[in-house]
Amino acid sequence: MKKVIGIIMMMFVFQGMAQNLKKVEIIEIQTSALCGECKERIEDKLNFTKGVKFAELNLENKVLTVKYKTKKIDAAQIKTIISMIGYHADDVKRDKESFEALPGCCRDENASCTKK
C-alpha cells in the first residue's frame, strides 16, 4: 500500500515538472521600426524588461523576435511596451505622443539616420 501511494505521489511530482517545461515562449511581432536607432531603442527596452529573455529586431522585414517567460510577462504586455515606445506592434497601434518624441529618422523613412 505504501508503494502504491509513493508511486502516485511521484506521478504528481513528475506531472508538475512536465508542466513547468513550457515556461518560455517565442513570438514574432511585426513592427513599424525603420532604422538602426529604432532597433536599438526597442531591443534595449525589451531586453531590460523583467520576463524577457531575448529580443531581436530584423530591420529588413521589421519583425521583432521575443523570447519571454510566460509567468512574468505575456505577449499583450510586450506589444503594449512596444507601442508605448512609439511603434506599431502587430495590431496594437503606437502611442501618438511617444511616436512624436522619436527622432526624425524613426518617424520618416526618407529622413537620414546615423544607424542603418
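Values quoted throughout were computed directly from the atomic coordinates according to the rules given, and no laboratory measurement underlies them. These figures come from a predicted structure and were not determined experimentally. Cβ placement follows ideal geometry from the backbone for every residue including glycine, while neighbour counts extend to all protein chains displayed.
Observations, loosely collected:
- Gained length - GLU100 relative to ILE27, 0.36 nm times residue gap less alpha-carbon distance: 23.6 nm
- Protection proxy ranking, peptides 33-42, 61-70, average beta carbon neighbours within 10 Å, highest first: 33-42, 61-70
- Considering only the Cα atoms of the stretch 23-107, their convex hull presents on average a projected area of 4.7 nm².
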